[in-house]
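Visitor: Following this message is one structure expressed as C-alpha cells.
Rule-based calculations on the coordinates, nothing more; no lab input. Since the model is a prediction, treat every value here as computed from it, not as a measurement. Note that each Cβ is placed from the backbone with ideal geometry, even for glycine, and that neighbours are counted across all protein chains shown.
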Amino acid sequence: MTEINIRSEQQVESSQPDTDATTDRPLAPLAVAAREGSSELSTEVVFDLRDVDVFYGSTLAVHGLNMKVNKNVITAMIGPSGCGKSTVVRTLNRMNDSINGFRVSGEVLYHGHDVYGSGVDPVEVRRRIGMVFQRPNPFPKSIYDNIAWAPRILGMRSGLDERVEKALRGAAIWDEVKDRLKGSALGLSGGQQQRLCIARAIAIEPDVLLLDEPCSALDPIATASVEELMQDLKRSYTLVIVTHNMQQAARVAERTAFFSLDVSGGRRAGILVEYDETEKLFTRPSDQRTEDYVTGRFG
Amino acid sequence: MSTPLLDPARPLTEIGGNLARRRRIDHFMRGGSMAAALFAVAVLGLLIATVVVHGASVISISFLTKDPAIGLGASGGGIASAIVGTVLLIVVATAIAAPLGVLIAIYLTEFATQRFARPIRLALDLLNGTPSIVIGVFAYSLLVVGGFHHQTGFAASFALAVIEIPLIARASGEMMSLVPKELRDASHGLGISRWRTILGIVLPGSLGGIVTGTVLAFARAGGETAPLLFTSSIFSGSTTLNIFGAAIPNIPVTILQDSESGFPSDHARAWGAALVLVVFILIGNLSGRVMLARQRRRYQAR
C-alpha cells in the first residue's frame, strides 16, 4: 500500500487513527536509486496534517492543508512566492510561534502526536525536528563550538569530539575544516557555512530535518554539494525541503508538493494543489495549475 | 510661455539664470550650519580650558592623595576622601543598576510583546528624563527620612542607580536587538530553550554594548550632583568606606561647597576638584564610545 495522491480538495479524511497508515512491513533498504521504483518508498508517516489552516493575525496564510510526509523520504515543497510553503514548513516544528498573531487550526500530527497539543513544549518539538535556514546562520563561534554547543546543553557531553567529527563527516565538510576546528565559522564560504549548519542540525540526532530554501543563497557548486548531501542524509533522516527551484525539487525529492495561491472568494491563501511522486508531478500532473507551473506557463 | 531655451553649446563654466544667487544661498547656509557645529565644539573647548586654567595649579600628588586640611579656610590638603567617595558611590550604584538594567533589556528584546514593551520603553525614557533633583528628593524621602533617619552613602548610591538604570537598559537593549534574528532562529531550531539562547548567543554577542552602556552610565552618575545634596552632603573630610553609616564625601558636593566658601584656598580646591571630575568623566565617556563604535562595526560587518 503506497501513499497515493493526497490532494487538498479531494481528500476524504478517514476517521481511523493515523497509526493505521503505517505498516509493519520492514523497510526496504533505500537505495540511491529509490526514485526508480516508487513502491520502495517508506510508507511510515512522520507528519500527518489534517485540515490545517494557518493565520497571521486575521490573515489566512494557508488554507485546508491535508498532507502526509513519509519517513526517510525527501519531500519537496514547491510553488510561487507567497504561497505559504515556508509557513507550512515552519509550522511543522513551531518555528512560527514567535511571530505575533500566528495561529494554527486543524491538526499537525507528528508520529501521531499533536505538535500544537496542550502541554507540548516547542523546545522539545524542535529538538526532534531540526531546521536549516535560507541564509547560512552559523554562530559567531568556532567551527567546533558551532557543532558542540547544542549537544553540550542537551546533555550529550560524552564523546563530544567524536560527535562533532561524525556530524561534520555526515555533512560532507569534515575534510575541509578538520585542520581549523578552532577557527571562526564566519571565515567559511557560503556553501561551507550551510553545510556546517546542516552538521550542526544533525549533531543532536534529530528525527526530521526541515530545509527552508537551503540553497537559495548558494552558488551552483555549493548547491550541488548540499543536494548530494541530502541524498546521503535521507538514509537516517526524514527530509522536507522548501525550494522555489523546480529543477532542484526534480533532482532531489522523491515526493513533491505543489502549493499555489488561491485568490478565489476574496482571499489570498496558500493551498496545496497537488502532492505526488516527483516524477509523476513533473511529467504527468493531474491538475492543470500544476502543469502550468511546471511547464513555465504560470502567471 | 516659458523661458527661452538655453543654448546647450554654451560653455559649462558660464553661469546662467539665477545660479549665482542660488550659489550664494548655498554657501551661506553651509557656512551657517558649520559655524553652529563649531560653536558646540568651541563651548566644550572653552569649558575644559577654563577648568584646566583654574584647576591645574592646585593639582598635585598630595591634592589627589590627602584629605582636606582641617579648619575654616585652611589651605593645603586634598580631595582624596571625595575621590574615594565618588568612586565608591558610583561603583555601588552601578552594581545595583547594571544587573537590573540588563535584565530589563533582556525582557524588552527577548520576551515582551509590543503591548508590554512599548509602555516599559516609555517608562524608561520618562525615568531618563526625570530631573535628577526629583530623583534626589525621592531617595531622600524613601531612605534618608524613611529608612536610615540620616544621610547615608547608600541613599546616594540608590538615587544614582535610579539614574543609571534607564541608560544601561536602553544601551544594552539596543545592542541585543543588533544580534541577528537568524542566530536566535538557529538556536531555537536546535531545541535550545530561550534562556539558554540568551545566555549562549545573545549576551555574548552584545557583551561589548552592555559594558559600554554601563561605562557611560557610570560616567554620568559620577557627575550627578542634585541627588547627592539630599542624600550625601553633610560629611566630614575624612575618607570612609562605611556606606550605610554616614554621608560619603564626594566630588560634586565638594565642588559646590568649596565654591560657595569665602576663602580663596577653598575656591582653588573647587577648581581642582572640577578638573578631576571632568577628566574622570571624559575618560569614561570616550572609552565607552570607542567600545561602542567597535561593537557596531563588528555587527554591521556581518
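Visitor: Taking the range A:204-284, which trypsin sites (Lys or Arg not before Pro) meet the DSSP loop condition and have no more than 14 other C-beta atoms within 10 Å?
Guide: For trypsin sites (Lys or Arg not before Pro) across the range A:204-284 that sit outside H, G, I, E and B with at most 14 neighbouring Cβ atoms in 10 Å, the list reads A:Arg235, A:Arg267.
Visitor: Okay, moving on. So if the hydrodynamic radius of the range A:54-116 is defined as the Kirkwood radius over C-alpha pairs, what does Stokes-Einstein give as its diffusion coefficient at 4 °C and 1.567 mPa s, in µm² per second?
Guide: Rounded to a whole number, D works out at 102 µm²/s.
Visitor: A further question on this structure: Output needed for chain A: three equivalent-ellipsoid semi-axes, defined as square roots of 5 times the C-alpha gyration tensor eigenvalues, in descending order, whole Å.
Guide: 31, 21, 20
Visitor: Which three semi-axes in whole Å describe the equivalent ellipsoid of the range B:207-302, each the square root of 5 times a Cα gyration tensor eigenvalue, listed largest first?
Guide: The equivalent ellipsoid of the range B:207-302 has semi-axes of 34, 16, 9 Å.
Visitor: Determine the dipole magnitude for the range B:16-118: charges of +1 sit on the beta-carbon of Lys and Arg, -1 on that of Asp and Glu, nothing else is charged, the reference point is the Cα centre, and the result goes in debye to the nearest 20.
Guide: 800
Visitor: Based only on other Cβ atoms within 10 Å, what is the fewest-to-most ordering of A:Tyr144, A:Tyr56, A:Tyr293?
Guide: Result, fewest neighbours first: A:Tyr56, A:Tyr144, A:Tyr293.
Visitor: Would you mind giving the average projected area, over all directions, of the Cα convex hull of the range B:24-168 in nm² with one decimal?
Guide: One quarter of the hull surface, i.e. the mean projection, equals 15.4 nm².
Visitor: Label chain B by shape, choosing from rounded, prolate and oblate, from the square roots a ≥ b ≥ c of the eigenvalues of the Cα gyration tensor; if a/c is under 1.5 it is rounded, and otherwise prolate applies when a/b is larger than b/c, oblate when it is not.
Guide: oblate
Visitor: As I understand it, the dipole of the protein assembly as shown uses +1 on the Cβ of Lys and Arg and -1 on the Cβ of Asp and Glu, about the Cα centre. Which of B:Val137, A:Asn96, A:Met156 lies farthest toward its positive end?
Guide: The residue sitting farthest along the positive end of the dipole is B:Val137.
Visitor: Specify whether the C-alpha gyration tensor of the range A:80-138 places it in the rounded, prolate or oblate class, a ≥ b ≥ c being the square roots of the eigenvalues: rounded for a/c under 1.5, otherwise prolate if a/b is larger than b/c and oblate if not.
Guide: oblate
Visitor: Express in whole angstrom the spacing between the alpha-carbon centres of the range A:167-224 and the range B:98-164.
Guide: Here the answer is 46 Å between Cα centres.
Visitor: For a label point 7 Å from the Cα of B:Leu142 along Cα→C-beta, name the residues of the range B:114-136 whose backbone N is under 20 Å from it.
Guide: What the label zone holds, given the 20 Å backbone N cut-off, is B:120-136.
Visitor: The range B:23-39 to the range A:51-112: how many Å between their Cα centroids?
Guide: If you average the Cα positions of each part, the centres end up 58 Å apart.
Visitor: Moving on to the next point. Which of A:Gly101, A:Gly155, A:Gly270 moves most in a GNM of chain A, Cα contacts under 10 Å?
Guide: Result: A:Gly155 has the largest fluctuation of those listed.
Visitor: Let me ask another. Where in the range B:162-179 does the amide nitrogen come within less than 16 Å of the point 7 Å from the Cα of B:Ala117, taken along Cα to Cβ?
Guide: Correct set: B:169-179.
Visitor: Right, something else. Report the Rg/Rh value for the range B:74-128, based on alpha-carbon coordinates and the Kirkwood definition of Rh.
Guide: Looking at the range B:74-128, the ratio lands at 1.32.
Visitor: Using the C-alpha gyration tensor of the range B:205-256, what are the square roots of 5 times its eigenvalues, in whole angstrom, with the largest one first?
Guide: Taking √(5λ) for each eigenvalue gives 28, 13, 9 Å, largest first.
Visitor: Separate question: Along the principal axes of its C-alpha atoms, what lengths does the protein assembly as shown span, in descending order and rounded to whole Å?
Guide: Principal extents (Cα only, largest first): 104, 82, 53 Å.
Visitor: Now for a separate question. Relative contact order for chain A: what is it in percent, counting Cα pairs under 8 Å that are at least 6 residues apart?
Guide: 24
Visitor: Another question, then. Fewest to most neighbouring Cβ within 10 Å: what's the order for A:Leu154, B:Leu199, B:Leu19?
Guide: Taking fewest neighbouring Cβ atoms as first place, the list is B:Leu19, B:Leu199, A:Leu154.
Visitor: With a Förster radius of 22 Å, plug the Cβ-Cβ distance of A:Met156 and A:Ile221 into 1/(1 + (r/R0)^6) and report the FRET value to the nearest 0.05.
Guide: With R0 = 22 Å, the Cβ-Cβ based efficiency is 0.10.
Visitor: Here is a further query. Take chain B, connect every pair of alpha-carbon atoms lying under 10 Å apart with a spring to form a Gaussian network, then pick out the residue of B:Gly245, B:Gly191, B:Gly272 with the largest mean-square fluctuation.
Guide: B:Gly191
Visitor: Restricting to DSSP H runs of at least four residues, report the calculated mean residue ellipticity at 222 nm for the protein assembly as shown, -39500 (n - 2.57) per run over all residues, nearest 500 deg cm²/dmol.
Guide: About -15500 deg cm²/dmol.
Visitor: Quick one: among A:Glu205, A:Glu162, A:Glu107, which has the greatest mean-square fluctuation in a GNM of chain A with alpha-carbon springs under 10 angstrom?
Guide: A:Glu162
Visitor: Right, next: Could you calculate the FRET efficiency of B:Glu260 with B:Ser177 from 1/(1 + (r/R0)^6), where r is the beta carbon distance between them and R0 is 45 Å, rounded to 0.05?
Guide: The pair B:Glu260/B:Ser177 has a calculated efficiency of 0.45.
Visitor: For the range B:20-72, with equal point scatterers placed on the C-alpha atoms only and solvent neglected, what are the log10 I(q)/I(0) values from the Debye formula at q = 0.14, 0.26, 0.28 1/Å, to two decimals?
Guide: The Cα Debye sum returns log10 ratios of -0.61, -0.96, -1.00.
Visitor: Now for a different question. Would you please report the Å³ per residue occupied by the convex hull of the alpha carbon atoms in the range A:142-299?
Guide: Spelled out: Cα convex hull of the range A:142-299, divided by residues, is 141 Å³.
Visitor: At a Förster distance of 45 Å, what's the computed FRET efficiency of B:Asn285 paired with B:Ala9, Cβ-Cβ distance as r, to 0.05?
Guide: After rounding to 0.05, the efficiency reads 0.20.
Visitor: Oh, and also: When you have a sec, figure out the Kirkwood radius of the range A:38-152 from all distinct Cα pair distances and drop it here in Å to one decimal?
Guide: After inverting the pairwise mean of 1/r, the radius is 15.8 Å.
Visitor: Which value, in Å to one decimal place, does the Kirkwood hydrodynamic radius take for the range B:86-198 when every pair of different Cα atoms is included?
Guide: One over the average 1/r among Cα pairs gives 15.7 Å for the range B:86-198.
Visitor: What number comes out for the charge environment of B:Gln257, summing +1 per Lys or Arg and -1 per Asp or Glu over other residues with Cβ under 12 Å away?
Guide: Charge balance in the 12 Å sphere: -2.
Visitor: Now for a separate question. How would the range A:181-256 be classified by its alpha-carbon gyration tensor: rounded, prolate or oblate, with rounded meaning a/c under 1.5 and the a/b versus b/c comparison settling the rest?
Guide: Cα axes put the range A:181-256 in the oblate bin.
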